[in-house]
1. Please arrange 60, 268 by how many other C-beta atoms lie within 10 Å of their C-beta, fewest to most.
2. Helix-derived [θ] at 222 nm for the chain: sum -39500 (n - 2.57) over DSSP H runs of at least 4, divide by residue count, nearest 500?
3. Distance between Cα centroids, the stretch 190-243 to the stretch 60-127: provide it in whole Å.
4. Between 128, 107, 236, where does the largest GNM mean-square fluctuation fall for the chain, given springs only between Cα atoms within less than 10 Å?
5. Can you tell me the orientation of helix 13-28 relative to the chain, as the angle in degrees between its alpha-carbon axis and the longest Cα principal axis, to the nearest 10?
6. Quick check on packing: order 218-224, 47-53 by the mean number of other C-beta atoms within 10 Å, highest mean leading.
7. Please order 191, 230, 216 by the number of other Cβ within 10 Å, starting at the fewest.
8. Mean 1/r over all different Cα pairs, inverted: what Kirkwood radius does the stretch 125-180 give, in Å?
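Please treat every number below as a calculation from the coordinates, not as lab data. Predicted model only: the values in this text are computed from it and were never measured. Don't worry about glycine lacking a Cβ; one is built from the backbone with ideal geometry, like all the others, and counts go over all protein chains shown.
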């Protein structure tokens, strides 16, 4: 009979600390973050006191809902200068992100990780449908998360992962027929929660994945100039187009304590491909 192990031995201690961290971050983040971050295995791979450093890269494309729009300072003979703006879907919101990654095994079967890096963003003519293009500046981004193993049988582990990430994105919306400045600021808040399995082969290579929930929130602000002294401003709330998805990845054994993660994530409105190079010590 194979040995079955329930890995978490600290009662609700892991979950209490995790929930506390998440709520502290949400309270500190003034509607900020970004879309789809690398996840890696849902199960812990570090021993208590062990550390891991690495580099993460992820490229994603998603559609996001822009709702509860408002505008102000808009000169028009047939409507007020302030009011409600039409809701719509911003399509093909593309991001590329690179992180420095640090992980630490806080208890047996539970680890915390922090990612710090930059993100660049672009999208097409979804806002005004006038052939405009948004090329965002490279902006600072961070991600904080936790993964924990709660069941293990042989080479198979089952666990959960939760992570929250933040970034503020600025850039110019440009079109050939627009001579005046048009600036866009984007705040996005992303939370991902996954439950999944990790199978580790005798050579150290693993396959991991499972279902996940993906939540996006935030705000987009568009300010432009019609003529000197006339600067209309539009704002919309950002909501996720979908919350349920799945992902699959592999952790390739490169050398002693050195690994390469390759993974793919998908929801009905988003796709992402990620790479991570990791070293443990």
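1. Lowest count first: 268, 60.
2. Calculated from helices alone, the mean residue ellipticity at 222 nm is -2000 deg cm²/dmol.
3. 7 Å
4. 128
5. 20 degrees
6. Working: 218-224: 19.1, 47-53: 13.9.
The most tightly packed comes first, giving 218-224, 47-53.
7. Numbers: 191 21, 230 13, 216 25.
Neighbour counts put them in this order, fewest first: 230, 191, 216.
8. Numbers: mean 1/r = 0.0646 Å⁻¹.
Every distinct Cα pair counted, the radius reaches 15.5 Å.
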